[in-house]
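First the structure, in the form of structure tokens, and then the observations on it.
The values are calculated or read from the model by the stated rules, or taken from the named source; none is laboratory data. As the structure is a computational prediction, the values presented were derived from the model and not from experiment. Ideal geometry is used to build each Cβ from the backbone, glycine not excepted, and the neighbour counts take in all protein chains shown.
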């Protein structure tokens, strides 16, 4: 690891060189492409980002759960370099290559269930979700798609329709694809229901308002990402899965933010023994390179006619090489176990912060996917202003933090799993300072 693992502020955040480049961004980049922390990065590794002004920032976001194995991870860089020197593209649909097949084989091994599996590779999480729906519709002969409150699935037309939150993801972009039906999710802080009761409520909505015989699939994040790191009450997901089995509805797990060791298992579904019919993956799959996948029961995947799946860049050979390097690193470094260690450390520190700050309504998450929801003390009224202020303070002190949630009142923490304990502790200490400074 060549990047020194320390926080260092050489200038204010953003510094003068970053501000110059921000002017170029304003000139040449569409305003609709936002930026959370306006510093221009020139180097990154481990748990640190280095900007053009020489500031070293602690990374508690991993590029939104992407650089799980760290930036420029040696195994990823080595495999990318070897592949790029050999060839960078042929299009798998024209002339195939080993890397694509090897990634699919690894996915068959790693995803839940011991049934025969096949995969198709794409470029982004939204593509993976959209293709999972295509596959489910073709396999079942039905058209309906069930999704859940607070869910996020992407920015394409179909996945915007599937996403719950309007601003900024959907506002002004309609009309959207049809046959999308939304059910209430289990949100323990807000509904107070057991998993079984929350599932009964959701199933009742789907049975009465849609009809199981109209549904091709149920698509759900095992832990909701953009919706606020909402962890369903125990028993909710197994009950939904069982209902799907009984009704011939395919159960699709959107593991795009939760997959690849992030939650302390290879996939979040493993926590309650779920075996999805289809799994959509992206983000952490390839160490920062654009790659996504749909992995599922072989007979379901094979329901699609030849030529019905694919894309020019899907399963790009360099991205596949990166994925194989990332999986190599996850195995060799035992990042499943490391995610649990990171999660334990974060949960302990965040609960200590919560004890001192009644604005924290809940600490929740699993493994290295932790969050705090901020509400007016003594209530569940969201406090997005305080959340934004805390995050802004962290940024000014050289700590990369992210917010999320339907009301924008959740601080989420997704550090690279290779971050050192001392650096992680320091980053969370800044979060504690931010909570005090913004009272």
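Descriptive notes on the structure:
- Only one of the numbered conditions (1) modelled with pLDDT of 95 or more; (2) surrounded by fewer than 19 Cβ atoms within 10 Å (Cβ to Cβ); (3) over 14 Å from residue 406 (Cβ atoms) is not met by residue 184, and that is (3).
- Those strands (runs of 3 or more DSSP E) of the stretch 78-195 in which 3 or more residues are under 30 Å from residue 381 (Cβ atoms) occupy 144-148, 180-183.
- Annotation note: Cβ proximity below 9 Å between a residue of the stretch 234-246 that is on the phi > 0 side of the Ramachandran plot and a residue that is surrounded by 23 or more Cβ atoms within 10 Å (Cβ to Cβ) and in a loop (DSSP other than H, G, I, E, B) (sequence gap 6+ or interchain) occurs for 235/186.
- Scanning the stretch 44-95 for residues that are within 19 Å of residue 315 (Cβ to Cβ) and in contact with a strand residue (DSSP E or B) (Cβ under 9 Å, 6 or more places away or on another chain) yields one hit, 92.
- Qualifying residue in the stretch 300-319 (condition: in contact (Cβ under 8 Å) with a residue 60 or more places away in the chain, surrounded by fewer than 17 Cβ atoms within 10 Å (Cβ to Cβ), touching a strand residue (DSSP E or B) at 6+ places or on another chain (Cβ under 8 Å) and on the phi < 0 side of the Ramachandran plot): yes
- Checking 29, 48, 36 one by one, the residue that is assigned by TED's automatic domain parsing to the domain that holds residue 396 and free of Cβ contacts under 8 Å to residues at least 40 places away in the same chain is 29 and no other.
- Looking across the stretch 380-392, the residues that are touching a residue at least 12 places away in the same chain (Cβ under 8 Å) and in contact with a strand residue (DSSP E or B) (Cβ under 9 Å, 6 or more places away or on another chain) come down to 380, 382, 383, 384, 386, 387, 388, 390, 391.
- Within this structure, residue 164 fails the test of being more than 21 Å from the chain's Cα centre (by Cα), within 23 Å of residue 281 (Cα to Cα) and surrounded by fewer than 22 Cβ atoms within 10 Å (Cβ to Cβ).
- From the list 136, 73, the lone residue that is closer than 29 Å to residue 298 by Cα, in contact (Cβ under 8 Å) with a residue 40 or more places away in the chain and buried (at least 24 other Cβ atoms within 10 Å of the Cβ) is 136.
- Elements of type strands (runs of 3 or more DSSP E) contained in the stretch 18-69, each with 1 or more residues being touching a helix residue (DSSP H, G or I) at 6+ places or on another chain (Cβ under 9 Å) and under 19 Å from residue 411 (Cβ atoms): 56-59
- For the stretch 114-124, filtering for residues that are within 19 Å of residue 318 (Cβ to Cβ) and either touching a helix residue (DSSP H, G or I) at 6+ places or on another chain (Cβ under 7 Å) or crowded, with 24+ Cβ neighbours inside 10 Å (or both) leaves 4.
- Which numbered condition residue 257 fails, given (1) on the phi > 0 side of the Ramachandran plot; (2) touching a strand residue (DSSP E or B) at 6+ places or on another chain (Cβ under 8 Å); (3) crowded, with 24+ Cβ neighbours inside 10 Å: (1)
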